[in-house]
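The values are calculated or read from the model by the stated rules, or taken from the named source; none is laboratory data. It should be emphasised that the depicted structure is a prediction, and the values quoted were computed from it without experimental measurement. Note: ideal-geometry Cβ built from the backbone for every residue, glycine included; neighbour counts use all protein chains shown. Note: areas computed on protein heavy atoms with side chains; ligands, DNA, RNA excluded. Shrake-Rupley method; radii C 1.70, N 1.55, O 1.52, S 1.80 Å.
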Amino acid sequence: MRTRTRRPARRLSTAKADTAPIDLRSDTVTRPTPEMRKAMAAAEVGDDVLDHDPTMAELEERVAGLLGASAALWTPSGSMGNLIALMSHLQRGDSFLAPAGSHVLDAELGTAAWLAGGMPRPLEHDAGPGRVSAAAVRRAAGGDAPYYALTTRLLCLENTHNAAGGTVTRPEDHARVASAAKAAGLAVHLDGARLWHAAVKLGVPLGALTVGSDTVQVCLSKGLGAPVGSVVAGSVEFVQQARRLRKMLGGGVRQGGVLAAAGLVALDRVDRLAEDHARAATLAAGLRERGWRAPEPETNIVLVAVADLPGTLARFRESGVLASAMSGKVRLMTHADVGDAEITAALDRIGPLEQGQAGRPAVRGAS
Ligand SMILES: *Cc1c(COP(=O)(O)O)cnc(C)c1O
């Protein structure tokens, strides 16, 4: 009897270890690497709010160089980087254009409107998922308008486009759309939270993807794995103003070099993103083999169309796979903290799409 009671207990603990959840909700869930923690501990610092932090300055200079910009400013988040850029471009009475589903439209609490003052005008993805055409920008920018009409002031692009499934805009397409915006008198901001992913996917330098942009925001805490931080870049005059705006938003950090040090290590991890892309492709292919509707991803974001989104997320969670909801679909993201073994395990846990479960169009009403 004793051995019998002990055995299931042992099995239970083994099962527990096997089912530590595989976290594919976002590429932001990564933990700083030992190398990052070491760099943070050893970081040379100053007071960045008073005047200067050497590690912060080094990071800003390096990212500006990568983006082909004159100057750059560290911000605590990508949302703040975007907001600072939009505040510098917009004022009340203005409107701005952005591809539908953009982070600035849907995931920043409307700050583009109520803090930056710009009325948002979403553009259809008429040039492929996450992408808009130059013709659409020309049309939307309009021309002469009566005094009571909004002034369209800015085009805000996103590469890769998160909600469209990590879709990539090619350098020539970005340049064409940006120059159409310029010709129509608009400024261009590029939300490049995952611009690294686009550059790696296309095999081009980061600077090739920013041509024609006045301001660019990139995240260090997405695929690159820094614990915190983004950088917003542009002209020297823009960065001077951006520093004032960041202070206004409460985003000045004093011994920020501790955080910037992790960002510098993150910059050395750009090439590694190719692994995330490959694993996302493996994951999507495995899901398709199991009957799920998971089209081939362009980068590290796999979107799965399902009939019952909350039900499917709950089912995944129960089987030990954490996913999130995006654009009415299940979103699974590969990142630095999941390897091939986790992808195989995730597919095993998710298993085949079962009849009567998510993925089949609902036939009996909304329940
Ligand atoms: C994550 C993200 C941001 C910024 O996010 P924070 O969480 O504020 O750092 C901006 N744009 C896109 C497209 C993103 O995916």
In this structure, the FRET efficiency calculated for Ala145 and Ala20 from their beta-carbon separation, with R0 = 45 Å, to the nearest 0.05, is 0.20
Which angle from 0 to 90°, rounded to the nearest 10, does the C-alpha axis of helix 78-89 make with the longest principal axis of the chain? 20 degrees
Lys38 versus Ala325, label points 7 Å from Cα toward the beta carbon: distance in nm? 4.3 nm
At Glu354 and Lys182, where each label point lies 7 Å from the Cα along Cα→Cβ, what is the point-to-point distance in nanometres? 5.7 nm
Taking 1 over the mean of 1/r across every pair of different Cα atoms in the stretch 34-269, what Kirkwood radius in Å do you get? 17.7 Å
Can you check how the C-alpha radius of gyration of the stretch 183-295 compares to 2.2 N^0.38 Å, as a plain ratio? 1.32
Carbon plus sulfur fraction of accessible area for the stretch 34-269, probe 1.4 Å, in percent: 53 percent
Over all alpha-carbon pairs of the stretch 289-332, lay out the pair-distance distribution in 5 Å bins, whole %, shortest bin first. 5, 24, 32, 28, 10, 1
Assuming 0.36 nm per residue, please report the length gained on full extension of the stretch Arg288 to Ala305 beyond their Cα-Cα distance. 5.0 nm
Give me the 1.4 Å probe accessible area per residue for the chain, excluding ligands and nucleic acids, in Å². 47 Å²
Förster radius 41 Å - calculated FRET efficiency between Leu50 and Asp340, Cβ distance, rounded to 0.05: 0.30
